[in-house]
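One structure is given below, encoded as structure tokens.
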Ligand code: ATP
Ligand code: MG
Ligand code: MG
Ligand code: MG
């Protein structure tokens, strides 16, 4: 994309309404604009990041055998009355009436819809297990939308739903999802720690939230410092083998990590003093086993091995895709702007032409740009060099390819790594090899 023709409205001033760094930077770097309270328009660069995150989530879900569907954003209230949640859900649910006075709602989550679809199609235990997921917009009428897309009212979430014939199967599914999530976060270039979370009335130990540690996070967290460096994915896991999944899960669970809601002083006391970490975190994902809660209330059964009807065991698996855009920035920025991990960056590199109109500079820039025009942001504006550097730092491209008249004459460009500030003097071809 050529910057001179693109829609990337950056801001010089710090927007007064933004309280935390990621929100300020998302506005300043031109990623989003607020349309109404907690409701955002995604501008081209922001949308690229959102899509990159969604694609990684998708690939890692598919890799463990989950199947993607797309449910509507608007649901009928009838299904929620059946499950008993219509009244219980409260004012976070946006309730709508159509012209025939029928009650609809904008989905805050999709257990009812998916359980209904599942029940219509699946009749036998032989068709289980199934994990169905979607990446779709949700609406929750949050009391206090804040921090930009981190707590929006309309937000983009991956929500998955597991169906198993028995508890053991559901546990395998749960562990498989946990593995998939850790792989996902590793690819996203962030560390999200699985922590024991509240299971509500179901009980048990099968609810984990994944938290990115950040002082601005809304959850209090307590964890064993060994987790700061532990590689959960070091051992290979065959996701079709229960023993492998169990070994993986036990390894993850062997260190203390809990949100404030589930903090347990007795267990905490057994963590060595010098390894106790207390802080704050951003909930970016949540996995949850809830058994037959919905299959029972909605009366969905499949035929079991002995021919009698069985209520399938379920779990919910959510990742906050739009919240992650903010959370990644919260974890990865400096005083000059965003530092995108390579895997989610809107562009692989910015090409900074320091002397637009200079024949050599223009020619070198065009040659590089034309190698991958969709992956580069070419700053071809006739602005001062300082303004170009500042914008590139603000927007956080992993690399900057800096083309000035002196170097260009000798066939050299300067390559800057945003994260470390390292600079390399290279030929255009060598720079391309490093960046692409
Ligand atoms: P929170 O505690 O932050 O309100 P939640 O526990 O209500 O979140 P879940 O129902 O667990 O949210 O939804 C799954 C994921 O969706 C969350 O882990 C979070 O990443 C994301 N999410 C939830 N609410 C919002 C929101 N208002 N804006 C953006 N993302 C959200
Ligand atoms: Mg909530
Ligand atoms: Mg929560
Ligand atoms: Mg949650």
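The values are calculated or read from the model by the stated rules, or taken from the named source; none is laboratory data. In this text the structure is predicted, and so the values were computed from the model without any measurement. Here the Cβ positions follow ideal geometry from the backbone for every residue, glycine too, while neighbour counts run over all protein chains shown.
If only residues of segment 14-41 that are loosely packed, with under 13 Cβ neighbours inside 10 Å and under 20 Å from residue 142 (Cβ atoms) are counted, the one that is modelled with the lowest pLDDT is 17.
The set of residues in segment 95-105 being in a strand (DSSP E or B) and out of contact with any helix residue (DSSP H, G or I) (no Cβ under 8 Å at 6 or more places or on another chain) consists of 96, 97.
Annotation: of all residues in segment 140-155 being within 16 Å of ligand 4 (Cβ to nearest atom) and in a strand (DSSP E or B), the one that is nearest to residue 177 (Cα to Cα) is 155. Note on segment 106-130: residues that are in contact with a helix residue (DSSP H, G or I) (Cβ under 6 Å, 6 or more places away or on another chain) and either away from ligand 4 (no atom under 16 Å from the Cβ) or in a strand (DSSP E or B) (or both) amount to 4.
Got at least one residue in segment 21-32 being in a helix (DSSP H, G or I), without any contact (Cβ under 8 Å) to a residue 12 or more places away in the chain and in contact with a helix residue (DSSP H, G or I) (Cβ under 9 Å, 6 or more places away or on another chain)?
So in segment 21-32, the residues in a helix (DSSP H, G or I) come out as 21-28.
Still in the running and without any contact (Cβ under 8 Å) to a residue 12 or more places away in the chain: 24.
Add one more test, that the residue is in contact with a helix residue (DSSP H, G or I) (Cβ under 9 Å, 6 or more places away or on another chain), and what stays is 24.
Yes, that holds for at least one residue.
Listed conditions (1) surrounded by fewer than 22 Cβ atoms within 10 Å (Cβ to Cβ); (2) outside any loop (DSSP other than H, G, I, E, B); (3) in contact (Cβ under 8 Å) with a residue 24 or more places away in the chain are all met by residue 342, apart from (2). Residues that are within 16 Å of ligand 3 (Cβ to nearest atom), within 24 Å of residue 78 (Cβ to Cβ) and touching a helix residue (DSSP H, G or I) at 6+ places or on another chain (Cβ under 7 Å) are absent from segment 185-202. Just one of the listed residues (171, 193, 143) is crowded, with 22+ Cβ neighbours inside 10 Å and at pLDDT 95 or above, and it is 193. Is it true that residue 407 is over 22 Å from residue 371 (Cα atoms), assigned to a helix (DSSP H, G or I) and more than 30 Å from the chain's Cα centre (by Cα)? Against the criterion (over 22 Å from residue 371 (Cα atoms), assigned to a helix (DSSP H, G or I) and more than 30 Å from the chain's Cα centre (by Cα)), residue 407 does not qualify. If the condition is being closer than 20 Å to residue 286 by Cα, away from ligand 3 (no atom under 16 Å from the Cβ) and either in contact with a helix residue (DSSP H, G or I) (Cβ under 6 Å, 6 or more places away or on another chain) or in contact (Cβ under 8 Å) with a residue 12 or more places away in the chain (or both), then segment 240-265 contributes 245, 246, 248, 249, 251, 252, 253, 255, 256. Note on segment 199-219: among residues that are loosely packed, with under 15 Cβ neighbours inside 10 Å and outside any helix (DSSP H, G or I), the one that is farthest from ligand 4 (Cβ to nearest atom) is 215. Kindly indicate whether any position in segment 214-231 is farther than 30 Å from residue 295 by Cβ and free of Cβ contacts under 8 Å to residues at least 12 places away in the same chain. Scanning segment 214-231, I find at least one residue that is farther than 30 Å from residue 295 by Cβ and free of Cβ contacts under 8 Å to residues at least 12 places away in the same chain, so the answer is yes. Exactly one residue among 244, 238 is more than 16 Å from ligand 1 (Cβ to nearest atom) and not in a helix (DSSP H, G or I), and that residue is 238.
Yes or no, residue by residue, for (1) assigned to a helix (DSSP H, G or I); (2) under 26 Å from residue 344 (Cα atoms):
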residue: 34; (1), (2): no, yes
residue: 40; (1), (2): no, yes
residue: 52; (1), (2): yes, yes
residue: 58; (1), (2): yes, yes
residue: 70; (1), (2): no, yes
residue: 78; (1), (2): yes, no
residue: 81; (1), (2): yes, no
residue: 87; (1), (2): yes, no
residue: 91; (1), (2): yes, no
